[in-house]
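The values are calculated or read from the model by the stated rules, or taken from the named source; none is laboratory data. All values derive from a computational prediction rather than experimental measurement. Counting neighbours? That spans all protein chains shown, and the Cβs are built from the backbone with ideal geometry, glycine included. Please note that ligands, DNA and RNA were not included when accessible areas were found on the heavy atoms of the full protein model with its side chains. Shrake-Rupley method; radii C 1.70, N 1.55, O 1.52, S 1.80 Å.
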Amino acid sequence: MGYTVAVVGATGAVGAQMIKMLEESILPIDKVRFLASARSAGKILKFKGQDIVIEETTEASFDGVDIAIFSAGGSTSAKYAPYAVKAGAVVVDNTSYFRQDSKTPLVVPEVNAHALDRHNGIISCPNCSTIQMMLPLKAIADKWGIERVIVSTYQAVSGAGMGAILETQDQLRQVLNDGVDPKDLTANILPSGGDKKHYPIAFNALPQIDVFTDNDYTYEEMKMTKETKKILEDDSVKVSATCVRIPVLSAHSESVYIETKETVSIEEIKAAIAAFPGTVLEDDVAHQVYPQAVNAVGRKETFVGRVRKDLDVENGVHMWIVSDNLLKGAAWNSVQIAESLHERGLVRPTEELVYELK
């Protein structure tokens, strides 16, 4: 018997990829339901060639749903995820709302699928920039331990939603076709829709993703720090991030520096990364082979290259990590979680799960 799967936020950039990933999934699905805001209700989306009418998301939307995958913003998850659990669904949430909740597993299936065993009805999907970093980190941590991680990200505008993609494309056209000076472009979204000022992204790099916290790091940077510790189940790991938005439409890139607890050769690290599920080692500098954003778009894997020893720190290692932020960074990781729940027999648990309604 298959599942009824609901996608909340089905009309968004990530929602569209979730639908595609569900079409390709090994998950046994009998029925899908696409949920969105009232303004999208009644519109039609396709699933495996069938017309599916979009429904408005309400408290009563989850009757008969087994798995509800959320990607419609934190406020939507906060409001409706508990109702989904109360109705008997297991929630896979692709927002930041539940990530640091102590009773909510934060899962990258290749890394810590075992955390699913203690779920209370809601599983959280980590931040896109955290997810792709976790695969090579886990490959290293399991064998040689990790003392410290310093990451600088080069993040695509698709991480800020469809509006950011359209604004970026429009700005690039204005500069290339109309000769507008990039400094004179109008910006309404980036670096953060919730902040006071907005800056052009065309021919620019913005060292701000999300708003700033009291310690002068952005929420995006703090997400990477806190999520890495939670997923690795090791608060002793030192993690620091600088997150930057660049005018690439899709696929995040990261420069990651790691200090291992034990001395290890680069050859051993490369072999561990190449053998780790979900990673592809692209590292042949003699032939200029290394991960690139344009090659990662549409791929489910995480690509790692430029693996090299630090010149001054004995246990220091540098690498370059690239992944499609809408797929492994969001939609594919969420569907993988659903598949893992199925494989572990956790979709329809024998004990009733009740998540506190707020």
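Points to keep in mind about this one:
- Residues being assigned to a loop (DSSP other than H, G, I, E, B), surrounded by 12 or more Cβ atoms within 10 Å (Cβ to Cβ) and without any contact (Cβ under 8 Å) to a residue 24 or more places away in the chain - total across region 164-191: 3
- Per the conditions (1) open to solvent by less than 60 Å² (accessible area, probe 1.4 Å); (2) within 16 Å of CYS243 (Cβ to Cβ); (3) out of contact with any Pro (no Cβ under 9 Å at 6 or more places or on another chain); (4) assigned to a loop (DSSP other than H, G, I, E, B), the sole criterion not satisfied by GLY194 is (1).
- Selection of strands (runs of 3 or more DSSP E) fully inside region 45-112 by the criterion of at least 3 residues being touching a helix residue (DSSP H, G or I) at 6+ places or on another chain (Cβ under 7 Å) and open to solvent by 60 Å² or more (accessible area, probe 1.4 Å) returns nothing.
- Annotation for region 223-234: no member residue is modelled with pLDDT under 95 and farther than 24 Å from ASP324 by Cβ.
- Sole exception among (1) of a type in the set (A, V, I, L, M, F, W, C); (2) farther than 30 Å from MET162 by Cβ; (3) touching a residue at least 24 places away in the same chain (Cβ under 8 Å) for ALA271, by number: (3)
- Residue list for region 285-326, restricted to those being of a type in the set (D, E, K, R) and free of Cβ contacts under 8 Å to residues at least 12 places away in the same chain: ASP312
- Residue check, LYS143 part of a helix (DSSP H, G or I), over 17 Å from the mean Cα position of the chain (by Cα) and without any contact (Cβ under 8 Å) to a residue 24 or more places away in the chain: no
- Listing of strands (runs of 3 or more DSSP E) fully contained in region 235-334 that carry 3 or more residues being β-branched (Val, Ile, Thr): 238-245, 252-260, 302-309, 316-323
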